[in-house]
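See below for the structure under consideration.
The values are calculated or read from the model by the stated rules, or taken from the named source; none is laboratory data. Keep in mind that this is a model prediction, so the values were computed, not measured. Cβ coordinates were reconstructed from backbone atoms using ideal geometry, including for glycine residues, and neighbour counts include every protein chain displayed.
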Amino acid sequence: MKKKSNRVWWILGGVIVLLIVGFVAAKQAGIIGKPEATEVDFVTVNRASIIERVSASGRVQPQVEVKISPDVSGEIIGLYVNEGDPVKAGQLLCRIRPDNYESLMSRARATVNSSKAQFEQAKASVAQSEARLIRAKADFERNRKLLADKVISTADFETSESNFNVAKQEVEAARANVRAAQFNIQSSQASLRDASENLRKTTIYAPVNGTVSKLNIELGERVVGTSQMAGTEIMRIANLQNMEVRVNVNENDIVRVNLGDTADIEVDSYAMAGRKFKGVVYEIANTANGLTSSSGAAAAASLASDAVTEFEVKVKILNSSYEDLLAEKDKKGYPFKPGMTASVEIITDRKTNVLAVPIAAVTTRSADSTNVQKDQDESGNQVANQAVKKERPKEIVFVNQAGKAVQREVKTGISDFENIEIVSGLKQGEQIIAGPFIAVSKKLKNNDVVVKRDPNKTKKKPGNEAE
């Protein structure tokens, strides 16, 4: 019985030893404990042409649009154009009731005539004063001789002398009145010119050739002149042959936009026909939207920290890209109307035959380096002080090497909507991991095991999205 019990123990011990040896052998062979592989998409590094673009949206506007406001206030008694009418420079547009301004001009003309009459009176007064001066001078000279002959008294002589001096002062005063009358004439003539100009301004003419793009008034309405305040904008005249798209570009992209850059323009009105137009950047704002040079600092301080800063860019639509539409303008009018919505893709750079990979293949990783130094507290005990310094994130891709995702740092260049240029870090023909996005951007780590993803598993199911 004792021998049988020992035999059982020996058998159990042998089985345990065999299990341990088999487990170690399986683990070394990779059968047990093999890491789970991540399913990914592989692409081969190749050469391609890349066109870097900056996308923005805005509205179509005329390059030249003149806002017309009256200089004088009053009632519109004549309106001779409609919205959409073509006009020539100097063409009569509308009239403002001139009654009040005609009265003011008549009053100013009467004032001029009155000033001229006063001037003539002043000249007559000068002649009279000069005649009195001649008589007073003769009396003075005669009395001076009589005083020398002791024929008259000294009092009589002093009286004649005083009359002579008074006569001289009266002549000077009369001449001053003439000069004052001349100035009154000039002042009244200026008032007459002002009244005449205000009367002229009651008739409004077109300052430029173009089309009435906007009409804000009706016959019989009252308008306010710009001489009193901002004034009423009565209409706009625009040159609809030369149009532009005004777009707002984010501050991160504006540094890549330059004068003369070409652009592809898609106007919503022609999107259904698949029509695109060509354009060129001809003006870039130096100041962000909502800021002015005088109060820019104050306005910037008031903006929220998460506010989007944008700059206005004007893109001219090239007439050559819609000549066929211009040929039909007599029947349908001009192809573009102010206010149409448009999308613009500004081509900021272009490179051909450069090393490129899909944008999804490039991600960033950051590494932290920790320096531990010992400081002493007030009691002299050493205290560990950890200073953590964060490095700048690095651009990396994952290269497939024998089924493992090997992390490699790269330097990138320009990019488009699909590919990004690789300046250094990869060679043509290498196989890299390009998806899924969540795996490349977050999940994958250096030397992770990877396998090719089954395309059938990536198909979208109703109500779900593929990774």
Count of residues meeting criterion [under 14 Å from R246 (Cα atoms) and touching a strand residue (DSSP E or B) at 6+ places or on another chain (Cβ under 6 Å)] in segment 319-337: 1
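Yes/no per residue for (1) among the aliphatic types (A, V, I, L, M); (2) modelled with pLDDT of 90 or more:
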| residue | (1), (2) |
| --- | --- |
| F23 | no, no |
| G33 | no, no |
| G74 | no, yes |
| P86 | no, yes |
| L104 | yes, yes |
| T111 | no, yes |
Any strands (runs of 3 or more DSSP E) falling wholly within segment 412-455 and containing at least 2 residues that are at positive phi and of a type in the set (D, E): none
Scope segment 119-134; condition buried (at least 17 other Cβ atoms within 10 Å of the Cβ) and within 30 Å of A190 (Cα to Cα); matching residues: F119, A122, S125, V126
Selected residue (only one of I134, I96 is touching a Pro at 6+ places or on another chain (Cβ under 8 Å) and among the hydrophobic types (A, V, I, L, M, F, W, C)): I96
Test for I152: is it surrounded by 13 or more Cβ atoms within 10 Å (Cβ to Cβ) and part of a loop (DSSP other than H, G, I, E, B): yes
Selection from segment 135-149 of residues that are hydrophobic (A, V, I, L, M, F, W, C) and either touching a Phe, Trp or Tyr at 6+ places or on another chain (Cβ under 9 Å) or surrounded by 12 or more Cβ atoms within 10 Å (Cβ to Cβ) (or both): A136, A138, F140, L146, L147
Segment 181-194, residues that are loosely packed, with under 13 Cβ neighbours inside 10 Å and aliphatic (A, V, I, L, M): A190
Spans of strands (runs of 3 or more DSSP E) in segment 329-399 with at least 2 residues within 25 Å of V43 (Cα to Cα) and modelled with pLDDT of 70 or more: 341-358, 363-365
Answer residue from segment 142-167, given it is of a type in the set (S, T, N, Q) and closer than 23 Å to A131 by Cβ and is farthest from the chain's Cα centre (by Cα) among those: N143
Conditions (1) surrounded by fewer than 13 Cβ atoms within 10 Å (Cβ to Cβ); (2) of a type in the set (S, T, N, Q); (3) assigned by TED's automatic domain parsing to the domain that holds G74; number of the one not met by T211: (1)
Residue list for segment 32-54, filter: in contact with a helix residue (DSSP H, G or I) (Cβ under 6 Å, 6 or more places away or on another chain) and part of a loop (DSSP other than H, G, I, E, B): I32, G33
Number of positions in segment 243-283 that are part of a loop (DSSP other than H, G, I, E, B) and free of Cβ contacts under 8 Å to residues at least 60 places away in the same chain: 9
In segment 317-345, the residues that are among the β-branched types (V, I, T) and surrounded by 18 or more Cβ atoms within 10 Å (Cβ to Cβ): I317, V344
Qualifying position, being loosely packed, with under 14 Cβ neighbours inside 10 Å and of a type in the set (D, E), among E266, E251: E251
Flag if S162 is within 30 Å of S191 (Cβ to Cβ) and either of a type in the set (G, A, S) or not assigned by TED's automatic domain parsing to the domain that holds L192 (or both): no
